[in-house]
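Engineer: Input: one structure, supplied below.
Rule-based calculations on the coordinates, nothing more; no lab input. These figures come from a predicted structure and were not determined experimentally. Positions of Cβ are generated from backbone atoms using ideal geometry, with glycine treated the same way; all protein chains shown enter the neighbour counts.
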Amino acid sequence: MKSYFLIGFESAERAQAALSDFFAGQSGETWVLFANADDPMAYFYLGTNEYGEFEEFAKDANLIQADISGRHFNEDDKIVAVLAGLRDRIGGYIFNDDDMKLR
């Protein structure tokens, strides 16, 4: 599994609203980006940096984690584009799962 993260935005409530707006008809703890009706591309979760994975941020820093489905392992650009759209709305920074800042 490969993951990308949006971290460093202030409001979890605004992030949840942005996710629900972007993924129309979805709400709750998991939002799914579909390639088509029966083919999930990535799963998006709202959480915090509770394990301190991102050292430059506090453990209570809000984050969105996007886990890419194995069938779409090389479609990073689509997932990063979703995170970039969310970032434009709520702020924050995009990282890959090697803790490298992308944008």
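Engineer: So if each residue of separation counts as 0.36 nm, and I subtract the Cα-Cα distance between residue 78 and residue 96, what length gain in nm does that give?
Structural biologist: 5.1 nm
Engineer: Can you give the FRET efficiency for residue 36 and residue 3, using 1/(1 + (r/R0)^6), R0 = 25 Å, r = Cβ-Cβ distance, to the nearest 0.05?
Structural biologist: Approximately 0.65, to the nearest 0.05.
Engineer: Okay, moving on. If one takes the longest principal axis of the Cα atoms in the chain, at what angle in degrees, from 0 to 90 and to the nearest 10, does the Cα axis of helix 76-90 lie?
Structural biologist: 50
Engineer: Just from the alpha-carbon atoms, what are the Rg and Dmax of the chain in angstroms?
Structural biologist: 12.7, 38
Engineer: So, one more: Using unit Cβ charges (K, R positive; D, E negative) and no other charged atoms, how large, in debye to the nearest 20, is the dipole of the chain about its Cα centre?
Structural biologist: 260
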